Amino acid sequence: GVVLSGADRRSTVIEGGNALAAEENGRVLWKESLLDEVQGLSEHPVPVLGGFDPSFLKLPSIVLLTSMETHQKSFGVEDSEGRLLPYFLTVSNVSSLEPELVKKGWERVLRARLEDARFYWDTDMKASFDIWAEKLDHVIFLGPLGSMGDKCRRLAELCRWIASQPGVASAKVSADSAAVAGRYAKADLVSQMVGEFDTLQGIMGGIYGHVMGLDSAAADAIAEQYRPAGPDTPVPATDLGAILSMADKADTLIGCFGLGNIPTGAADPFALRRCALGIARILIEKGYRLSVEELFAKAQSLYRDDIKWKLDKPAALAKLNEFFAGRVKNLFLTQGSDTLLVEAVLNAGCSDVWAASK
């Protein structure tokens with residue numbers, strides 16, 4: 001009964017799952033990474049469609065899906081209009097003589113997980129962004145650099161500064177909204193929900209922001225602050241989201257370079273290459289005319305004077321600007337530009353990344 005071929009197991013899961021969902025006028029929300037995992041975990045895949053109490057649908061769909069996918073390796077089911085249905089698709093590893101009993105077992109376990117998620121949601125809804133912001137003062141950002149609360153106060157000032165720059169001002173971002181986005185950017189890190197599902201950081205901040213009456217533009221920005229997550233993922237859709245993302249990344253880069261945590265070879269534990277690449281992509285794709293050197297200098301000026309740096313401030317800035325130019329060069333080369341052309345352009349400087357890209 002063992003199905004040797006991974007491709008055959010995968011097609012069995014997809015075809016069987018689609019047929020079961022169609023019986024309930026739904027369609028499976030297939031997730032490629034989870035599908036790969038499920039077909040690898042099963043030797044004799046048997047799709048099973050289970051159900052859960054519709055009252056759980058009051059929770060945000062991303063919470064339900066994350067709970068299903070993380071704990072139960074199960075897929076959500078939606079209707080033709082994209083609304084989540086009270087069903088889930090999972091994969092058993094055996095053709096059972098009592099399929100109903102198997103299904104009830106899956107449903108019982110998922111119900112417990114969804115009850116947990118509802119508890120986290122209800123608990124978080126009793127808190128507020130101000131309460132979470134206070135708690136951030138007891139969460140370490142990076143040893144000598146202080147707390148996450150310190151970081152958020154810097155982000156509030158840096159977001160306000162970026163929004164006021166002539167090359168970004170055309171985006172018409174409110175300076176007050178920018179400050180709110182920075183101040184509460186990391187608040188959801190101390191929420192119950194993100195404590196359980198760390199992949200929802202930022203996303204939950206945006207959801208809670210809208211529900212709790214935070215500035216709407218700031219809530220959208222908080223949800224987008226970790227974009228782009230990689231070279232092929234989108235940059236923030238909103239201008240304030242882009243500003244917050246750049247501020248967050250610039251603050252991290254300045255802090256790490258000042259402590260001497262500079263990427264070498266393959267070692268980049270703080271994902272600083274991704275930070276630099278993210279800033280460059282945002283500047284290019286959003287068309288912002290912002291001096292990167294001025295951005296880094298402003299970010300550095302917002303750190304407290306009592307921090308014990310391993311590199312003095314001018315040396316850290318020089319190394320960071322050199323590192324950033326290297327990432328911009330790499331970005332242009334991976335886009336297929338001629339090496340000599342890239343070097344000629346960057347020898348004229350890349351402080352204005354958008355202009356260099358043109």
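Details
- Once segment 297-309 is narrowed to residues that are of a type outside the set (A, V, I, L, M) and not in a loop (DSSP other than H, G, I, E, B), the residue that is surrounded by the fewest Cβ atoms within 10 Å (Cβ to Cβ) is SER301.
- Spans of helices (runs of 4 or more DSSP H) in segment 151-209 with at least 3 residues surrounded by 18 or more Cβ atoms within 10 Å (Cβ to Cβ): 175-183, 192-196
- Matching option when the condition is within 22 Å of the chain's Cα centre (by Cα) and acidic (Asp, Glu), among ASP150, ASP79, ASP122, ASP116: ASP150
- Those residues of segment 216-228 which are part of a loop (DSSP other than H, G, I, E, B) and in contact (Cβ under 8 Å) with a residue 40 or more places away in the chain, in sequence order: GLN225, ARG227, PRO228
- Checked against (1) crowded, with 17+ Cβ neighbours inside 10 Å; (2) over 27 Å from the mean Cα position of the chain (by Cα), HIS44 passes all but a single condition, namely (1).
- Output for segment 110-131, where each listed residue is among the small types (Gly, Ala, Ser), surrounded by 13 or more Cβ atoms within 10 Å (Cβ to Cβ) and assigned to a helix (DSSP H, G or I): ALA117
- Residues located in segment 255-280, provided they are outside any loop (DSSP other than H, G, I, E, B) and either small (Gly, Ala, Ser) or touching a Leu at 6+ places or on another chain (Cβ under 7 Å) (or both): GLY255, CYS256, PHE257, GLY258, ALA267, LEU272, CYS275, ALA276, LEU277, GLY278, ALA280
- Selected residue (only one of SER95, SER33 is open to solvent by 40 Å² or more (accessible area, probe 1.4 Å), closer than 23 Å to ALA7 by Cα and part of a loop (DSSP other than H, G, I, E, B)): SER95
- Top-ranked residue of segment 261-296 - restricted to ones that are of a type in the set (Gly, Ala, Ser) and open to solvent by 40 Å² or more (accessible area, probe 1.4 Å), ranked as modelled with the highest pLDDT: ALA267
Each row is one residue, and each column tells you yes or no for (1) modelled with pLDDT of 95 or more; (2) among the polar types (S, T, N, Q); (3) under 22 Å from PHE197 (Cα atoms).
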position	(1), (2), (3)
SER67	no, yes, yes
THR70	no, yes, yes
PHE75	yes, no, yes
GLY82	no, no, no
LEU85	yes, no, yes
PHE88	yes, no, yes
VAL94	no, no, no
PRO99	no, no, no
GLY105	no, no, no
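Conditions (1) among the hydroxyl-bearing types (Ser, Thr, Tyr); (2) at pLDDT 95 or above, marked per residue:
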{"site": "LEU136", "(1), (2)": "no, yes"}
{"site": "MET148", "(1), (2)": "no, yes"}
{"site": "ARG154", "(1), (2)": "no, yes"}
{"site": "GLY167", "(1), (2)": "no, no"}
{"site": "SER170", "(1), (2)": "yes, no"}
{"site": "TYR184", "(1), (2)": "yes, yes"}
{"site": "ILE203", "(1), (2)": "no, yes"}
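- Every residue from segment 36-57 that is aromatic (Phe, Trp, Tyr) and in a loop (DSSP other than H, G, I, E, B): PHE52
- Checking each residue in segment 139-150 for being surrounded by fewer than 18 Cβ atoms within 10 Å (Cβ to Cβ) and in contact with a helix residue (DSSP H, G or I) (Cβ under 8 Å, 6 or more places away or on another chain) picks out VAL139, ILE140, LEU142, SER147.
- Single residue of segment 218-240 satisfying the filter (touching a Lys or Arg at 6+ places or on another chain (Cβ under 7 Å) and open to solvent by less than 10 Å² (accessible area, probe 1.4 Å)) that is farthest from GLY205 (Cα to Cα): PRO228
- Among the residues of segment 77-91, those identified as under 15 Å from GLY17 (Cα atoms) and in contact with a Ser or Thr (Cβ under 8 Å, 6 or more places away or on another chain) are PHE88, LEU89, THR90, VAL91.
- For the residues GLU107, GLU69, GLU134, GLU100, the requirement of being in a helix (DSSP H, G or I), over 24 Å from LEU200 (Cβ atoms) and open to solvent by 30 Å² or more (accessible area, probe 1.4 Å) singles out GLU100.
The values are calculated or read from the model by the stated rules, or taken from the named source; none is laboratory data. Source: prediction; values computed, not measured. Neighbour counts are summed over all protein chains in view; Cβ atoms, including those assigned to glycine, are modelled from backbone coordinates with ideal geometry. Note: areas computed on protein heavy atoms with side chains; ligands, DNA, RNA excluded. Shrake-Rupley method; radii C 1.70, N 1.55, O 1.52, S 1.80 Å.
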